[in-house]
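The values are calculated or read from the model by the stated rules, or taken from the named source; none is laboratory data. Keep in mind that this is a model prediction, so the values were computed, not measured. FYI the Cβ positions are ideal-geometry reconstructions off the backbone, even for glycines, and counts take in every protein chain you see.
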Amino acid sequence: MRTAVILLGLLALAAVPGSLLPQRNVASDPNAVLQFTQDNPTLAPWLDRLGLFEVYASPWFAAIYILLLVSMTGCVIPRCLRLWRAVRADPPPAPSSFVRLSERREVHAAQCPSEALRAIAADLKSRGFRVRTTGGEVRAERGYARELGNLLFHLSLLVLLAGIALGRLFGFEGRVALVEGAGFSNVVSQYDEFSPRALTDVEGLEPFSFTLNDFEASFETADEKRGEPRQFRAELEYRPDDGSTSKAVEVEPNHPLDVNETKVFLTGHGYAPKVTVRDGRGDVVFTGPVIFLPNDASYASDGVVKAPDARPTELGFEGFFLPTAAVGDRGPYSAFPDALNPQLFLTAFTGDLGMSDGPPQSVYTLVKDDLQQVRADGRPFAKALSVGDTMRLPNGEGSLTFDGVARFANFQIAYDPGKEVSLVAAALLLLGVTTSLLIRRRRVWVRVVASGPDGTRLEAGALPLTRRGGITGEIDAVLTAVSDEREKSSDRPDTERAAGPEKE
Amino acid sequence: MTLPSMETLAQLSDNLVYSAIAVYALAMLAYAALSARRPEAHRQQPAAAPAVEATIGARADPGSRRSVGAPGEEARDATGPAPHTDASVNAVDRLSAIAAALTILGFLLHLSGVVARGFAAGRAPWGNMYEFAVVAALAAAAAFLVFLRREPVRALGVWITAIVVLTLGLSVTVLYTPAGALVPVLNSYWLVIHVAAAITAGGVFTIGAVAILLYRLRLRAERRGPAHTGYAGRLPAASTLNRVAHTANLFAFPIWTFAVIAGAIWAENSWGRYWGWDPKETWAFITWVLYAAYLHAEATAGWRGTKASWFALLGYAAFVFNFFGVNMWISGLHSYAGI
């Protein structure tokens, strides 16, 4: 037990840094570790070497819980055997003297000894005791379920580990952002980000596809809590793989789409301004919505537009989008998350976007190595566009038109084949812990002290095997089965006995 | 008959919470006066206890009371026979009855305030931090009243009411948020189940933590010698306080376990994974592990008592940090409710 206490203390301590330092693979902010590393260039590599950015996957964290589970198993198996023997064996014989028992009482019964003991044994049995009557003595014990619950609780932790391991070996998690009107098929290549586990069958993902027809968002308009989200709803056209007709489904927070255990969750949304880019020749080289990533609760968003096909020079645009643009002391900002007065603020770049050669690049940033910022009047050329506006580059190198606003939705798609096992483990754990903490184990003995023609004198004692005893009523109840009570005697002073329950 | 408007109900809820603070504060004063009484009078607590029970309408269960009260009484008797007068006994009776009655009145006002808030917002009244804190204080007061019926916890009264007054005071000043609808991610029946369980466990853990602190205080006095003076001398015996703490933590642990499991089920339904080491989840885990360590230590020879009590106190600190600190200082998936 002491090992368990120390290891539990260590486990609690080891879990702390992971909540204070940014972690890889913790959903809330995928860039947190990168950001932290940039801010703390000397400290971060050391923390990384110690596994402090992946605490819960680190060897030392695993070492603690594995040691804990090993020591627990080593403790629990002998206890299982002991319980098994205890359940099969008779309750142990009474101590030679009841004096040291916390509860004892003498009583006079009208019956003869064997009848009195039989009555008591029957009474104890009816209240769930395991009872054994031998020569002038009733031995009884109940509350084995306590130990059973205790063992169940500890063993369920092993089942829980198995459930977690199943998910960690065969499940996957992926993310995709879809603009209204875009479709998705559940194959690895369609994901923006896909994290398979060691044994995930990446070729055999659940086959289905869907199109995001519409995304609705509504926000609080009352003064208090203005701008707080009120409802998000993604309307999908879902197509199962079996060739049956597609159907409309709605996905909302807390209401995922569930396709044979592969679940599609709505985890976020944002804006995708629709733009048309024309190059220096006047040809349309890009048209369509471009996802801008939201920065804050008012959905001020950052993004880029790339037109690698533009001639004579490739064109890139960088800037931000404000759904409800307003101008304050520190420049433009978004006053409300809904698209009430959408504006696009862009600067332009010419040169080589670096998309034909070089490493794959993010669609959300420009690689500016071979780009020159377009300037006018000695300053970077920048424009604020409302829907319908066009920005023309000063040297006739091209133009960009802000056609309108679409929304995009982030979907998280997850498959965890171990979660049912974990759920069963959790249910067993809860059942086990409740049983083991609330059921009291105790022994009761009743024996004949003397007998005569007018009845039998019985002595009863009880022993709680758990700290929370509370067995006083028990022994009184046992004796009412035989008591002919007028002359109940007790080792307690009369005054105190008067306070006890007199059930007759 | 027309139904009262949402604004009226929200206003009523605020007023009820303010009234509850005032009444709890009076209860705290009554408990403080009780704690400050000279030991001679205080020693009569066993005799006074039934009067308290009668006041709060407890069902009489002398059998269990006698057994649970025994260690404390024995220890108190061991300090020597006390000369006392009927007048001092009556005064203690009266004062403890007043304190209990005020706590109950405060609780009823508090409860009505929470219910009115629920009707005003049209949902379970624990959807933002103000509401969490108000309901958590309600849970602590409720847990205290339940314990008052069956355990010798009167000495905890002054601290529990102080914690409740402090929490409510912070709620109405720093945390206050007007009644309103929920952000979409909270809009689930799991909010009702998961948060209610967490808050209930928190209320009972609070009793456990206060009892543990008093236990340590009393134990130190007892170790110094039999002549207990000062505040520690007026507390119930250390063994009694430790047993009360153990009972409270024992009772709260499965509820906390359930709260964590319910949270995991909700997370699976909301984010696609049942456990993701989000800071809130991590601190719930730390709390659970520390209380598990406490329960193991209480069953281990050589660790029971002082050493074990550290784990319970750390567990409670982790719980409180999770409740307030994680919301305020650490960003994560649970940072949606606003302060």
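Some points to look at:
- Answer from A:GLN361, A:GLN372 - the residue that is part of a strand (DSSP E or B), surrounded by fewer than 16 Cβ atoms within 10 Å (Cβ to Cβ) and either modelled with pLDDT under 90 or not aliphatic (A, V, I, L, M) (or both): A:GLN372
Let's see how each residue does on (1) assigned to a loop (DSSP other than H, G, I, E, B); (2) under 21 Å from A:VAL16 (Cα atoms); (3) under 23 Å from the mean Cα position of the chain (by Cα); (4) modelled with pLDDT of 90 or more:
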{"site": "B:ILE265", "(1), (2), (3), (4)": "no, no, no, yes"}
{"site": "B:ASN269", "(1), (2), (3), (4)": "no, no, no, no"}
{"site": "B:TRP277", "(1), (2), (3), (4)": "yes, yes, no, no"}
{"site": "B:PHE285", "(1), (2), (3), (4)": "no, yes, yes, yes"}
{"site": "B:LEU290", "(1), (2), (3), (4)": "no, yes, yes, yes"}
{"site": "B:ALA293", "(1), (2), (3), (4)": "no, yes, yes, yes"}
{"site": "B:THR300", "(1), (2), (3), (4)": "yes, no, no, no"}
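- Tallying residues that are polar (S, T, N, Q) and part of a strand (DSSP E or B) within the stretch A:391-424 yields 4.
- Positions within the stretch A:229-266 being touching a Gly at 6+ places or on another chain (Cβ under 8 Å) and in contact (Cβ under 8 Å) with a residue 60 or more places away in the chain, in sequence order: A:LYS263, A:PHE265
- Taking the stretch A:172-229 and the strands (runs of 3 or more DSSP E) fully enclosed by it, the elements with 2 or more residues that are at pLDDT 90 or above are at A:172-179, A:183-185, A:208-219.
- Selection within the stretch B:163-178 - at the interface with chain A (Cβ under 9 Å from one of its Cβ atoms) and not polar (S, T, N, Q): B:PRO178
- Filtered by the rule that a residue be of a type in the set (Lys, Arg) and more than 9 Å from chain B (Cβ to nearest Cβ), the stretch A:397-435 gives a lone residue, A:ARG407.
- Just one residue in the set A:VAL327, A:VAL304 is free of Cβ contacts under 8 Å to residues at least 24 places away in the same chain and in a strand (DSSP E or B); that residue is A:VAL327.
- Residue list for the stretch A:133-161, filter: over 27 Å from A:ILE66 (Cα atoms) and of a type in the set (Ser, Thr, Tyr): A:THR133, A:THR134, A:TYR144
- The lone exception for B:GLY180 - which of (1) at pLDDT 95 or above; (2) more than 17 Å from the chain's Cα centre (by Cα) it fails: (1)
- Residue within the stretch A:294-307 that is more than 14 Å from chain B (Cβ to nearest Cβ), buried (at least 19 other Cβ atoms within 10 Å of the Cβ) and basic (Lys, Arg) present: yes
- Which listed residue, of A:ALA89, A:ALA62, A:ALA15, A:ALA44, is within 10 Å of chain B (Cβ to nearest Cβ) and of a type in the set (A, V, I, L, M): A:ALA15
- Cross-chain or 6+ apart pairs with Cβ under 9 Å, the stretch B:261-286 first and farther than 19 Å from A:TYR415 by Cα and more than 7 Å from chain A (Cβ to nearest Cβ), then of a type in the set (A, V, I, L, M) and assigned to a loop (DSSP other than H, G, I, E, B): B:LYS280/B:ILE330; B:LYS280/B:LEU333; B:GLU281/B:LEU333
- Any hit, the stretch A:450-467, residues being at pLDDT below 65, part of a loop (DSSP other than H, G, I, E, B) and over 16 Å from A:SER114 (Cα atoms): no
- Residue within the stretch B:190-207 that is within 12 Å of another protein chain (Cβ to nearest Cβ), within 30 Å of A:GLU216 (Cα to Cα) and surrounded by fewer than 21 Cβ atoms within 10 Å (Cβ to Cβ) present: yes
Yes/no matrix, rows are residues, columns are (1) in contact with a helix residue (DSSP H, G or I) (Cβ under 8 Å, 6 or more places away or on another chain); (2) exposed (fewer than 13 other Cβ atoms within 10 Å of the Cβ):
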| position | (1), (2) |
| --- | --- |
| A:GLN231 | yes, no |
| A:ALA234 | no, no |
| A:THR245 | no, yes |
| A:ASN260 | no, yes |
| A:GLY282 | no, yes |
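- Restricting attention to the stretch B:173-184 and to residues that are touching a helix residue (DSSP H, G or I) at 6+ places or on another chain (Cβ under 6 Å) and not aromatic (Phe, Trp, Tyr), the residue that is surrounded by the fewest Cβ atoms within 10 Å (Cβ to Cβ) turns out to be B:THR177.
- Members of the stretch A:231-256 found to be within 12 Å of chain B (Cβ to nearest Cβ), part of a strand (DSSP E or B) and either touching a strand residue (DSSP E or B) at 6+ places or on another chain (Cβ under 6 Å) or under 15 Å from A:PRO207 (Cα atoms) (or both), listed by number: A:GLN231, A:PHE232, A:ARG233, A:ALA234, A:VAL251, A:GLU252
- Looking across A:TRP84, A:TRP60, one residue alone is part of a helix (DSSP H, G or I) and more than 31 Å from the chain's Cα centre (by Cα). It is A:TRP84.
- Among the numbered conditions (1) without any contact (Cβ under 8 Å) to a residue 40 or more places away in the chain; (2) over 22 Å from A:ARG2 (Cβ atoms); (3) surrounded by fewer than 24 Cβ atoms within 10 Å (Cβ to Cβ); (4) more than 8 Å from every other protein chain (Cβ to nearest Cβ), the only one that B:ARG218 does not meet is (3).
- Taking the stretch B:287-320 as the range and being hydroxyl-bearing (Ser, Thr, Tyr) and either in contact with a Phe, Trp or Tyr (Cβ under 7 Å, 6 or more places away or on another chain) or within 7 Å of chain A (Cβ to nearest Cβ) (or both) as the test, the residues that pass are B:THR287, B:TYR291, B:TYR294, B:THR300, B:SER309, B:TYR316.
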